[in-house]
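The values are calculated or read from the model by the stated rules, or taken from the named source; none is laboratory data. All values reported here derive from a predicted model rather than from experimental measurement. Cβ: placed from backbone, ideal geometry, glycine included. Neighbour counts: every protein chain shown. Surface areas here come from the heavy atoms of the whole protein model, side chains and all, with no ligands, DNA or RNA. Shrake-Rupley method; radii C 1.70, N 1.55, O 1.52, S 1.80 Å.
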Amino acid sequence: MTEPTTNRQLERICQLLDALEFGDATASELARQTGLSTSTAHRLALSLVEYDFLKREPSGNYSLGRRFVRSRLELVGLGHLTELRDATGETAQLWIRRGDHRVCISFVDSRHELKATLPPGASLALPHGSSGRLLAFDQEAMASIESHGWVESVGLRTPGLGSVSAPVLQSDHIIASICLAMPLSRCEVSPGTDHGQLVAGTAARISAAFSDQR
């Protein structure tokens, strides 16, 4: 009896995930779309929230959680990161927050021999670096985002290296950060002054593309 019960549970979970593929929904809306009772849809959704397969929005709606957001961001972001690298010649990265750290989920390295680079899946403590300050919601970083659309770091985390970052948004919430990292010796003025608008534009395009997939 265990196998059919388990399969039925997995079938219900797949129904919920499919129902949320293109947008948020309440428990009652999930029930209506899947044919489950509202109590069953609510119970399963809460269990999926616990394991980050779903997210509970402030409105009470459910949406796909970080496990899906990460894979979708990687898919959406790679082409835009490549375009940013090609336009600037510098390393382009996509970061998400994970607890008190930030994790690099996608990157395209500079073709220069001297470059800022990190291994795949690199995890760095917040709030160091421009993306670290952004994802930690550092007050000065948020003020820079409000004024310029980007935040920069000049040799703060690693001497001789600089970066400029801009937020990727979903429903006006910061879900990730685009970062362009470079040796300061190649900056004409500073990372933000030289490349900030390009980085902010890339972040905006990824935000729009990510939203269009919902």
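Tabulated data for the structure shown
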| item | result |
| --- | --- |
| Among (1) surrounded by fewer than 20 Cβ atoms within 10 Å (Cβ to Cβ); (2) of a type in the set (Phe, Trp, Tyr); (3) part of a strand (DSSP E or B) - the single one Trp95 does not satisfy | (1) |
| Answer from Leu75, Leu156 - the residue that is of a type in the set (A, V, I, L, M) and either surrounded by 14 or more Cβ atoms within 10 Å (Cβ to Cβ) or modelled with pLDDT of 95 or more (or both) | Leu156 |
| Residues that are acidic (Asp, Glu) and either assigned to a helix (DSSP H, G or I) or crowded, with 24+ Cβ neighbours inside 10 Å (or both), drawn from the range 126-153 | Glu140, Glu146, Glu152 |
| Any pair with Cβ under 6 angstrom, 6 or more apart, that starts in the range 17-28 at a residue that is under 14 Å from Ser211 (Cβ atoms) and ends at one that is not charged (D, E, K, R) | Asp24/Asn61; Asp24/Ser63 |
| Residues of the range 114-125 classified as open to solvent by 50 Å² or more (accessible area, probe 1.4 Å) and touching a residue at least 24 places away in the same chain (Cβ under 8 Å), total | 4 |
| Selection status of Arg32, more than 30 Å from Leu180 (Cβ to Cβ) and free of Cβ contacts under 8 Å to residues at least 24 places away in the same chain | yes |
| Unmet requirement for Arg111, which otherwise passes all of (1) open to solvent by 30 Å² or more (accessible area, probe 1.4 Å); (2) at pLDDT 95 or above; (3) out of contact with any Pro (no Cβ under 8 Å at 6 or more places or on another chain); (4) outside any loop (DSSP other than H, G, I, E, B) | (4) |
| All positions within the range 161-195 that are among the small types (Gly, Ala, Ser), in a helix (DSSP H, G or I) and either open to solvent by 30 Å² or more (accessible area, probe 1.4 Å) or within 21 Å of Arg97 (Cα to Cα) (or both) | Ser185 |
| Verdict on Glu83 being surrounded by 14 or more Cβ atoms within 10 Å (Cβ to Cβ) and out of contact with any strand residue (DSSP E or B) (no Cβ under 8 Å at 6 or more places or on another chain) | yes |
| Members of the range 99-108 that are in contact with a Ser or Thr (Cβ under 7 Å, 6 or more places away or on another chain) and open to solvent by 20 Å² or more (accessible area, probe 1.4 Å) | His101, Phe107 |
| Single match in Arg56, Arg43, Arg66 (criterion: open to solvent by 20 Å² or more (accessible area, probe 1.4 Å), modelled with pLDDT under 85 and out of contact with any Ser or Thr (no Cβ under 7 Å at 6 or more places or on another chain)) | Arg66 |
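This table checks each residue for (1) under 30 Å from Pro58 (Cβ atoms); (2) under 16 Å from the mean Cα position of the chain (by Cα); (3) touching a residue at least 40 places away in the same chain (Cβ under 8 Å).
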| residue | (1), (2), (3) |
| --- | --- |
| Gly99 | yes, yes, no |
| Phe107 | no, yes, no |
| Leu134 | yes, yes, yes |
| Ser163 | no, no, yes |
| Leu180 | no, yes, yes |
| Pro183 | no, no, yes |
| Arg186 | no, no, yes |
